[in-house]
Amino acid sequence: MIPAKARLPLIPLALLASACSTAGTYPSLALRDVERANGSAMPAVGEPAGPVTSLPPASTDLVARLDGLVAIAREANTQFQSNRPAAERAVAAAGDTGSDSWSTASVAIARLESSRSSAMVALGDLDSLYVEARTAGALEETPGARAITAARDEVDGWVAEQNDVIAALSARLPG
């Protein structure tokens, strides 16, 4: 006989096992014939297809805002690229953790991260604009959303490259 205290944990297991019972008949979850696509539907006769309407182009306000955000990210990328050689030299010359050369390299990497920050802010704004454009109600991607995507892809490419450079330099830094 199992003591009462030892039987308590077995009760939930028994209840769970009873939920898996196969007693009774249930409908099958397999596809029914009516649910299969046969391609037998015929278009309605005599109803011409409506004219295809194109969506309006992206607004000039949106294009100006996108150009501004890309310009900010481009400037941040230019600043990043100008700080990169000094950071690479500093990391190559870095000594042990806590040394002056290590501190100089750490500051150089921080300068790279700082110059990347404006591009990341612009990327975040582009992400927000894209979410707003896609949730505005149109089922298909609008020209405005496509313009945002193009700007975002350009900025994202810069930020991704900057992230790779910072990660590689940080990995080479002792400590």
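Rounded, prolate or oblate: pick one for region 52-143, where a ≥ b ≥ c are the square roots of the eigenvalues of its C-alpha gyration tensor, a/c under 1.5 means rounded, and failing that, prolate if a/b is larger than b/c, else oblate. Can you show the working numbers first?
Values: a/c = 4.89, a/b = 3.40, b/c = 1.44.
Here region 52-143 falls in the prolate category.
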Using 0.36 nm per residue, how much length does the chain from THR78 to THR60 gain when fully extended, once their Cα-Cα distance is taken away?
-> 3.8 nm
Accessible area (Å², per residue) of region 116-175, counting only protein heavy atoms and a probe of 1.4 Å | 53 Å²
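For ALA150 and TYR26, what does the FRET efficiency come to when R0 = 41 Å and r is the distance between their Cβ atoms, rounded to the nearest 0.05? Working shown, then result.
Working: r = 52 Å, r/R0 = 1.27.
Working from the Cβ atoms, E equals 0.20.
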Inter-site label distance for ARG134 and ASP67 at 7 Å from Cα along Cβ, in nm = 2.6 nm
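Say R0 is 25 Å: what FRET efficiency, to the nearest 0.05, do SER170 and VAL121 get from their beta-carbon distance? If you can, show how the numbers build up before the last one.
Details: r = 21 Å, r/R0 = 0.85.
Result of the calculation: an efficiency of 0.75.
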So the carbon and sulfur contribution to the accessible area of region 130-175, 1.4 Å probe, in percent, is 54 percent
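Please sort 77-85, 59-67 by packing, taking for each peptide the average over its residues of neighbouring beta carbons within 10 angstrom, highest first.
77-85, 59-67
The values are calculated or read from the model by the stated rules, or taken from the named source; none is laboratory data. Owing to the predicted nature of the structure, the values given are computational and were not obtained by experimental measurement. Note: ideal-geometry Cβ built from the backbone for every residue, glycine included; neighbour counts use all protein chains shown. Only protein heavy atoms, including side chains, enter the accessible area calculation; ligands, DNA and RNA are left aside. Shrake-Rupley method; radii C 1.70, N 1.55, O 1.52, S 1.80 Å.
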